[in-house]
Amino acid sequence: MSLGDYVRFLRALKGGPTPWQIETDTEIAPGIYRQIEQRYRSIGDEQLLEKMAVYFGVAAEELRWRQHWPRKGLTAALVDAQESGRPLTLVLRNSETLTGAVQWWDLGAVEIRQADGASLVVQRHMVDRWE
């Protein structure tokens, strides 16, 4: 899961403060938090991640490693798996793993057909990483 998807999830758990409220409360420069949520790329330095970690009550490392799993990376893995016919393994936020052929995907979800023939649709924001 990208850093943007994860902080959007954390924001919802916190009751849905606005990005502007978060920037004010954490003293993050205006517009930066919104960019992290919406741009799906690595934005921010160690100090920013520390401020966000304190605000959301999570370890800074939890935010840091997510910078290396961008949403565009998942898209590339889905395209590659679908075009090559190779199975893809998705590791979900609950630590469950799913392996199978990518049947279809869009910006919100992906369908995986497992070896036993069962098909599962997974929301992309549930995917922590992929192999």
| Got the relative contact order for the chain handy, in percent, Cα pairs under 8 Å and 6 or more residues apart? | 22
| field | Long-range amide H partners of D128 with built H, under 5 Å | value | V91, L92, R93
| remark: With only helices counted (DSSP H, runs n ≥ 4, each -39500 (n - 2.57)), the per-residue ellipticity at 222 nm for the chain, to the nearest 500, works out to -13000 deg cm²/dmol
| remark: With N residues in the stretch 1-105, Rg(alpha-carbon) / (2.2 N^0.38 Å) equals 1.21
| field | Residue (of M126, Q67, T99) at the positive-pole extreme of the stretch 60-131, dipole from beta-carbon charges | value | Q67
| remark: Under a Gaussian network model of the chain whose springs join Cα atoms within less than 10 Å, the largest fluctuation of A77, A60, A29 belongs to A29
| Label-point separation, Q114 to F9 (7 Å along Cα→Cβ), nm | 2.0
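Only the coordinates and a few stated rules stand behind these numbers; no lab work does. A quick note: this is a predicted structure, and the numbers were derived from the prediction, not measured. Please note: Cβ atoms are built from the backbone with ideal geometry, for glycine as well, and neighbour counts cover all protein chains shown.
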